[in-house]
1. Being closer than 30 Å to residue 415 by Cα, crowded, with 16+ Cβ neighbours inside 10 Å, in the same structural domain as residue 392 (by TED's automatic domain parsing) and modelled with pLDDT of 95 or more narrows it down to one residue among 371, 357; which is it?
2. Output the residues belonging to the range 128-154 that are closer than 18 Å to residue 181 by Cα and among the β-branched types (Val, Ile, Thr).
3. Quick check on the range 49-62. Is at least one of its residues touching a Gly at 6+ places or on another chain (Cβ under 7 Å) and among the charged types (D, E, K, R)?
4. Listed residues 139, 170; which is in a loop (DSSP other than H, G, I, E, B), under 30 Å from residue 260 (Cα atoms) and free of Cβ contacts under 8 Å to residues at least 40 places away in the same chain?
5. Let me spell it out: the conditions are (1) in a helix (DSSP H, G or I); (2) more than 13 Å from residue 212 (Cβ to Cβ), and residue 374 meets all of them except one. Which number is the exception?
6. Any residue that is assigned to a helix (DSSP H, G or I), of a type in the set (A, V, I, L, M) and in contact (Cβ under 8 Å) with a residue 60 or more places away in the chain - is there at least one of those in the range 384-405?
7. Run down 129, 146 and say which single residue is surrounded by fewer than 19 Cβ atoms within 10 Å (Cβ to Cβ) and in a loop (DSSP other than H, G, I, E, B).
8. Going through the range 39-93 one residue at a time, which ones are surrounded by 18 or more Cβ atoms within 10 Å (Cβ to Cβ) and at positive phi?
Amino acid sequence: MSPPDPNSLEPSSPHELGVRAQSLLVVLGSISDDPTHLTRLYLSPSHRRAADFVGDWMRTAGLKTSMDALGTVRGSLDATSPGPNAGRRLLIGSHIDTVTNAGSYDGTAGVVIGILAVDEIRRRGIKLPFGIDVLAFGDEEGVRFPTTLLSSSAIAGTITAEMLLKSDRDGVSVRKALMDFGCDPDKIDEAAYDRDEVLGYLEVHIEQGPVLEHEKLPLGVVTSIAGQTRFKCIVLGEAGHAGTSPMGLRRDALAASAEIMGEIERFAREGREHSLVATVGQLIVSPGAVNVVPARVDFSLDVRAATDQPRLDAIAAIRTAAREIAERRHVAVMIESYHESQTTPCATHLQDGFASGIERLGLPVLRLTSGAGHDGHAVQHLTDVGMLFVRCRGGISHNPKEFAEPDDLGLAVEALVGAIEHLAGHFGGDS
């Protein structure tokens with residue numbers, strides 16, 4: 001599917017915008033490193049192909065494009081009216097990497113909607129007292145490397161050279177992957193924005209939950225993004241013969257891990273009033289033979305909550321329980337944090353911008369919390385963050401069944417345009 005005709009400057013209806021968004025998402029949904037399902041990991045060949053398509057669509061929308069040292073595709077539009085903020089920029093972004101066996105809307109919808117919103121501003125001749133940068137990040141999902149949010153951390157200036165030494169399961173470091181991708185990892189400092197040049201960050205994202213569908217609303221304004229911590233967990237026991245090792249004398253790493261995971265689930269269920277969730281999503285058992293007592297288990301742990309203290313309390317309880325189980329079962333346990341994000345509040349004036357965009361569509365404004373993590377976790381260290389949710393079918397995400405109606409996508413483009421216009425008024429007279 002071809003991007004919009006750059007010579008046509010006719011404004012589009014919400015329905016037309018939704019159809020265009022869907023067509024572009026179909027293209028991105030076809031770009032995968034696995035022929036049987038959508039898997040587009042950070043700095044993979046499919047990420048490179050997707051980045052090239054996004055860059056083309058940005059140029060078609062009238063944006064000047066570039067790629068920074070962490071592989072973020074940037075499309076820039078300069079201010080079109082004079083004023084004290086003409087040299088500053090409003091950032092709009094999301095990510096184009098995916099989980100394994102992914103859907104076609106998580107992250108990518110926000111990138112496409114950002115491009116179409118800027119294109120629509122150009123078509124309508126809307127004057128802006130600030131510039132806009134549309135950003136297509138990678139590494140939001142944190143699947144390939146034991147890292148997450150590297151791209152968005154880079155623009156916030158919080159990434160370090162040591163982070164690039166992390167390696168994937170094949171032993172390829174982030175640094176080597178960046179070089180293969182066509183980036184220069186020695187220029188990571190140049191990826192950072194100066195705090196004074198940025199006015200704020202906006203992101204549009206499918207909800208990844210059922211609230212909007214339940215309320216029969218296409219859009220919602222996010223009030224905060226839940227804090228989260230990710231861990232690499234290792235349990236070390238001793239291998240033994242499955243037939244000759246008595247049950248009471250075993251140092252079974254998998255049995256100990258299973259008990260620890262049971263405690264993780266119990267703590268999470270007890271914290272439901274705080275929207276506490278805990279997930280073990282990866283598991284590696286060694287040596288992995290049917291007739292050998294497991295000697296080592298590696299597993300991931302992801303803990304999130306709507307506010308920080310319940311999350312931290314649950315982590316402390318999990319560590320204590322893991323130590324007690326390890327001592328009783330005569331195994332060793334290590335729980336190492338490799339990513340932590342505090343709860344990210346969304347700035348009131350950016351929430352109001354999205355609310356204004358929704359209201360002018362004649363829709364009620366629903367405000368809700370995001371349980372999923374987003375690039376805003378990293379960008380909050382640079383500037384204020386605002387977020388708009390789009391209804392998704394069944395609240396399903398990280399799944400091939402992920403889906404958002406084209407008309408809802410079109411309304412999201414309109415709401416983003418409205419938010420940008422609202423902020424143009426807000427920042428037009430600032431000094």
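1. On the way: 371 fails: modelled with pLDDT of 95 or more.
The unique qualifying residue is 357.
2. 143, 147, 148
3. No, the conditions are met nowhere in the range 49-62.
4. Values: 139 fails: free of Cβ contacts under 8 Å to residues at least 40 places away in the same chain.
Residue meeting the stated conditions: 170.
5. Here residue 374 clears every test but (1).
6. Going through the range 384-405, the residues assigned to a helix (DSSP H, G or I) turn out to be 393-395.
Those left that are additionally of a type in the set (A, V, I, L, M): none.
Among the residues of the range 384-405, not one is assigned to a helix (DSSP H, G or I), of a type in the set (A, V, I, L, M) and in contact (Cβ under 8 Å) with a residue 60 or more places away in the chain, which makes the answer no.
7. On the way: 129 fails: surrounded by fewer than 19 Cβ atoms within 10 Å (Cβ to Cβ).
None of the other options fit; the residue is 146.
8. Those that are surrounded by 18 or more Cβ atoms within 10 Å (Cβ to Cβ) and at positive phi: 43, 71, 83.
The values are calculated or read from the model by the stated rules, or taken from the named source; none is laboratory data. All of these numbers come straight from a predicted model, not from anything done at the bench. Positions of Cβ are backbone-derived with ideal geometry, glycine not excepted, and every protein chain shown enters the neighbour counts.
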